[in-house]
1. Please go through region 64-78 and give me each residue that is farther than 18 Å from GLN13 by Cβ and either open to solvent by 30 Å² or more (accessible area, probe 1.4 Å) or in a loop (DSSP other than H, G, I, E, B) (or both), ordered by number.
2. Just for region 83-98: of the residues that are part of a helix (DSSP H, G or I) and in contact with a strand residue (DSSP E or B) (Cβ under 7 Å, 6 or more places away or on another chain), which one is least open to solvent (accessible area, probe 1.4 Å)?
3. Go through region 81-103 and give me each residue that's closer than 19 Å to ILE28 by Cα and either modelled with pLDDT of 95 or more or of a type in the set (A, V, I, L, M, F, W, C) (or both).
4. Please state which of the following conditions THR112 fails to meet, knowing it meets all the rest: (1) exposed (fewer than 14 other Cβ atoms within 10 Å of the Cβ); (2) within 20 Å of PRO41 (Cα to Cα).
5. Is there a residue in region 7-21 that is under 20 Å from GLY100 (Cα atoms) and not in a loop (DSSP other than H, G, I, E, B)?
6. Would you mention how many residues in region 28-54 are in contact (Cβ under 8 Å) with a residue 60 or more places away in the chain, touching a Ser or Thr at 6+ places or on another chain (Cβ under 7 Å) and part of a loop (DSSP other than H, G, I, E, B)?
7. Could you count how many residues in region 27-51 are surrounded by 13 or more Cβ atoms within 10 Å (Cβ to Cβ) and either within 16 Å of MET78 (Cβ to Cβ) or of a type in the set (S, T, N, Q) (or both)?
Amino acid sequence: QVQLVESGGGLVQAGGSLRLSCAASGSIFSIAVMGWYRQAPGKQRELVATISSFGSPNYADSVKGRFTCSRDNAKNTMDLQMNNLKPEDTAVYYCSANTGGRKYWGQGTQVTVSS
């Protein structure tokens, strides 16, 4: 079992920045890919960024150049630095971790960007 806890969400004006963090605990020694997803009201959950155990990130086109995903394997944490936020970035952001053939999810953290 892996437990994931997100933090860092909040309310910010358009053009502002937020930093999300995800802390992993439990059977974390074999976590491969970690990722950030988001779900806006009335929409499906979508991929924001993934990062391998080697620290190589990939981003959705909608956030490239604005978001930076990083990972600290020693601390079992993953961060998402979000700059130049737009109202369309408003969503619940979820942390995920793939290990042992399963995908684990955090409880989510709300990000609201006002125009």
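1. LYS64, GLY65, THR68, SER70, ARG71, ASP72, ASN73, ALA74, LYS75, ASN76, THR77
2. The extreme case among them is ASP89.
3. TYR94, CYS95, SER96, ALA97
4. Of everything listed in (1) exposed (fewer than 14 other Cβ atoms within 10 Å of the Cβ); (2) within 20 Å of PRO41 (Cα to Cα), THR112 misses just condition (1).
5. So far as region 7-21 goes, no, none of its residues is under 20 Å from GLY100 (Cα atoms) and not in a loop (DSSP other than H, G, I, E, B).
6. Number satisfying all stated conditions: 4.
7. Residues flagged as surrounded by 13 or more Cβ atoms within 10 Å (Cβ to Cβ) and either within 16 Å of MET78 (Cβ to Cβ) or of a type in the set (S, T, N, Q) (or both) within region 27-51 amount to 15.
The values are calculated or read from the model by the stated rules, or taken from the named source; none is laboratory data. Note that the coordinates shown come from a computational prediction; the quantities given were computed from them, not determined experimentally. With ideal geometry, Cβ positions are generated from the backbone for all residues, glycine too; neighbour counts draw on all protein chains shown. The area values use the complete protein model at the heavy-atom level, side chains included, leaving out ligands, DNA and RNA. Shrake-Rupley method; radii C 1.70, N 1.55, O 1.52, S 1.80 Å.
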